[in-house]
Amino acid sequence: MENSVDKIAFKAEKLNYETFTAELFKLVVSIEDEHTKIERTYIKILPIKFEIYKEGIFTIGIDSNALRLLPAKLIAINNHPIEEIIRRSRTVIQNENNSYFEVYLLHFLNNPSFLKGINVIENVDSASFT
């Protein structure tokens, strides 16, 4: 554990706020305890909401200007396939309990800071959902 903290400290100056936060999330996941977590206050979310079904992840809420996209299956974010995003998310969200993981994944899929932290988007002002 101490070695992991040292690695984060060593590269901290090279990380932006979002990727630094993702590194802290990875550290918490390595503890393997769902009761240990970092609670960040996010001030921005993107105007889209998702739900997980056996067929995949679908939009269930969206900005009124894009209602034609309800319901739609999420395929990618910024050309990153959803499978890749789920894989990256497993490194920063506790995932021993799949229900726990899915709740937090849905909480973060519309979060630009989280998406930037796992290198899915480049800036927190926009994302392209396919």
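Looking only at residues in the stretch 47-56 that are closer than 27 Å to Phe20 by Cβ and open to solvent by less than 50 Å² (accessible area, probe 1.4 Å), which one is modelled with the highest pLDDT?
Checking each candidate, the answer is Phe50.
Is the stretch 77-84 home to any residue that is farther than 28 Å from Leu15 by Cβ, at pLDDT 90 or above and of a type in the set (D, E, K, R)?
Step one: list which residues in the stretch 77-84 are farther than 28 Å from Leu15 by Cβ, which gives none.
No, the stretch 77-84 has no match at all.
Looking only at the stretch 85-117, how many residues end up being at pLDDT below 90 and among the charged types (D, E, K, R)?
1
Which of the numbered conditions does Lys44 fail, given that it passes all the others? Conditions: (1) part of a loop (DSSP other than H, G, I, E, B); (2) touching a strand residue (DSSP E or B) at 6+ places or on another chain (Cβ under 9 Å); (3) open to solvent by 30 Å² or more (accessible area, probe 1.4 Å).
Result: Lys44 passes all but (2).
Within the stretch 67-116, take every residue that is of a type in the set (Val, Ile, Thr), part of a helix (DSSP H, G or I) and touching a helix residue (DSSP H, G or I) at 6+ places or on another chain (Cβ under 9 Å) and give me the one that is least open to solvent (accessible area, probe 1.4 Å).
Filtering the stretch 67-116 down to residues of a type in the set (Val, Ile, Thr) leaves 75, 77, 82, 85-86, 91-93, 103.
Remaining after also requiring part of a helix (DSSP H, G or I): 82, 85-86, 103.
Applying the additional criterion that residues be touching a helix residue (DSSP H, G or I) at 6+ places or on another chain (Cβ under 9 Å) yields 85-86.
Values: Ile85: 0, Ile86: 46 Å².
Among them, the one singled out is Ile85.
The values are calculated or read from the model by the stated rules, or taken from the named source; none is laboratory data. Remember, predicted model here, so these are calculated numbers, not experimental data. Neighbour counts run over all protein chains shown; Cβ positions are idealised from the backbone, glycine included. Quick note on the areas: whole protein, heavy atoms, side chains included, nothing else; ligands and nucleic acids left out. Shrake-Rupley method; radii C 1.70, N 1.55, O 1.52, S 1.80 Å.
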